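Enquirer: Got a structure for you, written out below as structure tokens; questions coming shortly.
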Amino acid sequence: MEILLRNLTEDYVILLFDRIADTIDCCKCQQCRLDVCSYTLNRLAPKYVVSTQGELMSKLCEFDAQFETNVMTELTKAAAVIKKFPRHKLGEDGKPVNM
Ligand SMILES: [Zn+2]
């Protein structure tokens, strides 16, 4: 089985973004999604593990409640910034073209 080097914080931030994007009223196009996640990740400590693909999800469950709160706080801040200065291009229908 393939062994990978992964930053668990990255997986967790993306997972949590997809879960709360509607709640924090954030555009979910790929540009905004990645902008919000990179902004957030630059403000959190990375957590690298050597793991097989199958082990990743169970490792993600090991994060504690305090960490989840930190990620939520940073995601919310990031979403506010990206909302103010979105980099997505809008199509003729006024919706982001890369949804
Ligand atoms: Zn967008």
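No lab work stands behind these numbers, since they all come straight from the coordinates. What you see is a predicted model; the values in this text were computed from it and never measured. Every residue, glycine among them, receives a Cβ derived from its backbone with ideal geometry; neighbour counts consider all protein chains shown.
Enquirer: Kirkwood hydrodynamic radius (Cα pairs, Å) of the chain?
Expert: After inverting the pairwise mean of 1/r, the radius is 14.5 Å.
Enquirer: Straight-line reach from Lys59: which aspartates and glutamates have a Cα under 13 Å away, not including same-chain ones fewer than 8 places off?
Expert: The reachable aspartates and glutamates, counting only those whose Cα sits under 13 Å from Lys59, are Glu10, Asp11.
Enquirer: Students often forget the sequence filter, so: which lysines lie under 26 Å Cα-Cα from Lys95 once same-chain residues fewer than 8 apart are removed?
Expert: Filter leaves Lys28, Lys77, Lys83, Lys84.
Enquirer: If you take every residue apart from Asp35 with its C-beta less than 11 Å away from the C-beta of Asp35, what net charge results, scoring Lys and Arg +1 and Asp and Glu -1? Can you show the working numbers first?
Expert: Numbers: positive: Arg33, Lys83, Arg87; negative: none.
For residues surrounding Asp35, the net value is +3.
Enquirer: Let me have the 222 nm mean residue ellipticity of the chain computed from DSSP H runs of 4+ only, each contributing -39500 (n - 2.57), with the sum over all residues rounded to the nearest 500.
Expert: On the way: 4 runs with 53 residues, N = 99.
Calculated from helices alone, the mean residue ellipticity at 222 nm is -17000 deg cm²/dmol.
Enquirer: Which Cys residues of the chain have no other Cys Cβ less than 4.7 Å away and so no disulfide-compatible partner by this rule?
Expert: Cys26, Cys29, Cys37, Cys61
Enquirer: Provide the net charge surrounding Val81, with neighbours chosen by a C-beta distance below 13 Å and charges set as Lys +1, Arg +1, Asp -1, Glu -1. Walk me through the numbers on the way to the answer.
Expert: Numbers: positive: Arg43, Lys77, Lys83, Lys84, Arg87; negative: Asp35, Glu74.
Once positives and negatives cancel, what remains is +3.
Enquirer: What is the extension gain from Glu92 to Leu34, computed as 0.36 nm multiplied by their sequence separation minus the C-alpha to C-alpha distance, in nm to one decimal? Don't skip to the answer; put the middle values down first.
Expert: On the way: separation 58, 0.36 × 58 = 20.88 nm, distance 2.28 nm.
Additional length available on full extension: 18.6 nm.
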